[in-house]
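One structure is given below, encoded as structure tokens.
Throughout, read-outs are computed from the coordinates displayed, never taken from laboratory work. Everything quoted here is computed from the prediction, not taken from an experiment. Here Cβ is always computed from backbone atoms with ideal geometry, including for glycine, and neighbour counts include all displayed protein chains.
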Amino acid sequence: MQTAQIESKADFGQIRYAQLWEDADVLTQALGDCQGKTLVSICSAGDNALAMLTLDPQRVVVVDLSPAQIACLHLRIGAYRNLTHAEFLQLMGARPSAQRKALLKKATANLDTASRAFWHSLRDDVERHGAGGVGKFERYFRIFQRYLLPLVHSRRTVDDIFVSRPKPQRQEFLDKRFNTWRWRVLLNLFFSRLVMGRMGRDRAFFEHVEGSPSQHVARRISHAAVECDPAENPYLHWIMKGTHGKALPMPWRKEFFDLIASRLDRIEIRPGSLEAFVSTGETACGYNLSDIFEYMSPDMFAKVYESILNASQPGARLVYWNMMAPRRVPEALQNKVETLSTLEETLKAQDKAFFYSDFVVERVKE
């Protein structure tokens, strides 16, 4: 399946994303009624798989090609079980802390030997940046936030991004104070295909994209800064300030912490590609597919998509994001799937993870 094209080209031995950069609020709404059902999720950092537990499914089967990304989920499971909510936020880096090494030891105490060893090797980085800040993508933004952003904007201007204001005033702030020529130069350089491929995402992930990454980011900034309220955007806050403000990703919020912790036994981890689920003959009622189709050629995408349909129950929903490679139900399979366009448009307007150009919600016909 997708291993044929991406596993041989990208490095899956390191943490690429130490926290999830896809909005669990829109994901859980897109999946609909999942009570008592089987769901499948790409792991990534594990946050959205855990958020899916709030839908009261029978189980969430989690798959991923990367052992490092699966280790992120194992850590979260240990943290939800062994830490308080306040301690969890400190360990992850959402809040300042002088005790992250002790919290890491506590969170990993009951994990398997390999997971404990993996996180022990990263304990110094966790102490400095939090467990949610030790991935390649987070390091990329840390360089941006610490060394380059100050050359373009003052601390006061950065702080003012997160002052809640009406939409017309958000547009005025963007036009008059933020979107300066220095900012545009920084965007063009730092978010170029070369720099992002070397320091942020793996270069193999750009093989099938269309257009300029920097121009794409520039277009999406307007969504994050004007269409949505930046004061409520945890992703933008981390990029600009290196931590979360008052806003938090959905599964990190206090109101969901105990609920997720009480359902951790419903998580079923299967290392490998989606084939680890679809080849078994099992079926699911909902899929969180992240942006995996972005990394596939159109032909491979069509094959993988069809295999997912074969492992889907009638009425199952397929939810995924596109950043720069347009992917939707292949033409040959359109008679089997309907696009929930109204729901898509509603959730796109709410999506705080502003990197993506498209959010797709498709339903298998009954």
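Once both labels are positioned 7 Å from their Cα atoms along Cα-to-Cβ, the gap between ARG182 and GLN14 label points is 3.0 nm.
To make sure I understand, if each residue's beta carbon is the centre and we count other beta carbons within 10 Å, what order do ARG95, ARG263 fall in, fewest to most?
Details: ARG95 15, ARG263 19.
Fewest to most other Cβ atoms nearby, the residues stand as ARG95, ARG263.
Here the peptides 224-235, 49-60 are ranked by packing, the mean other Cβ count within 10 Å, and the order with the highest first is 49-60, 224-235. One decimal place: the segment ARG146-LYS336 gains 63.5 nm when fully extended, by the rule 0.36 nm per residue minus the C-alpha distance. Working note: 222 nm ellipticity from helices only, DSSP H runs with n ≥ 4, each -39,500 (n - 2.57), summed and divided by the residues of the chain, gives -11000 deg cm²/dmol to the nearest 500.
For ILE269, nonlocal amide neighbours, meaning residues 5 or more places apart or on other chains whose placed amide H falls under 5 Å from its own, are VAL62. The stretch 51-91 and the stretch 317-338 have Cα centres spaced 28 Å apart.
Full-extension gain between LYS101 and ARG165, please, as 0.36 nm times their residue separation minus the C-alpha to C-alpha distance. Between LYS101 and ARG165, full extension yields an extra 19.2 nm.
With N denoting the number of residues in the stretch 226-366, provide Rg(C-alpha) divided by 2.2 N^0.38 Å, to two decimal places. Could you put the intermediate results ahead of the total?
Working: Rg = 17.1 Å, N = 141, 2.2 N^0.38 = 14.4 Å.
In units of the 2.2 N^0.38 Å rule of thumb, it is 1.18.
Close amide H partners of SER312, meaning residues 5 or more places away or on another chain with modelled amide H under 5 Å apart, are ALA284. With 0.36 nm allotted per residue and the present C-alpha distance subtracted, the ALA231-SER262 stretch has 8.1 nm of extension available.
Computed on the chain, with alpha-carbon pairs under 8 angstrom and 6+ residues apart, the relative contact order is 24 percent.
Using the structure shown, select from LYS101/LYS352; LYS106/LYS254; LYS106/LYS241 the pairs with a Cα to Cα distance greater than 25 angstrom. In this structure, LYS101/LYS352; LYS106/LYS241 lie more than 25 Å apart at Cα.
By the Cα gyration tensor, the chain has an equivalent ellipsoid whose semi-axes, rounded to whole angstrom, run 30, 26, 20 from largest to smallest.
For the residues ASP299, ASP159, what sequence is obtained by ranking on other C-beta atoms within 10 Å, fewest first? Provide the component values of the computation, followed by the final result.
Values: ASP299 10, ASP159 13.
If I rank by nearby Cβ atoms, fewest first, I get ASP299, ASP159.
Of the residues ARG128, ARG177, the one with the fewest other Cβ atoms within 10 Å heads the list, and the complete ranking is ARG128, ARG177.
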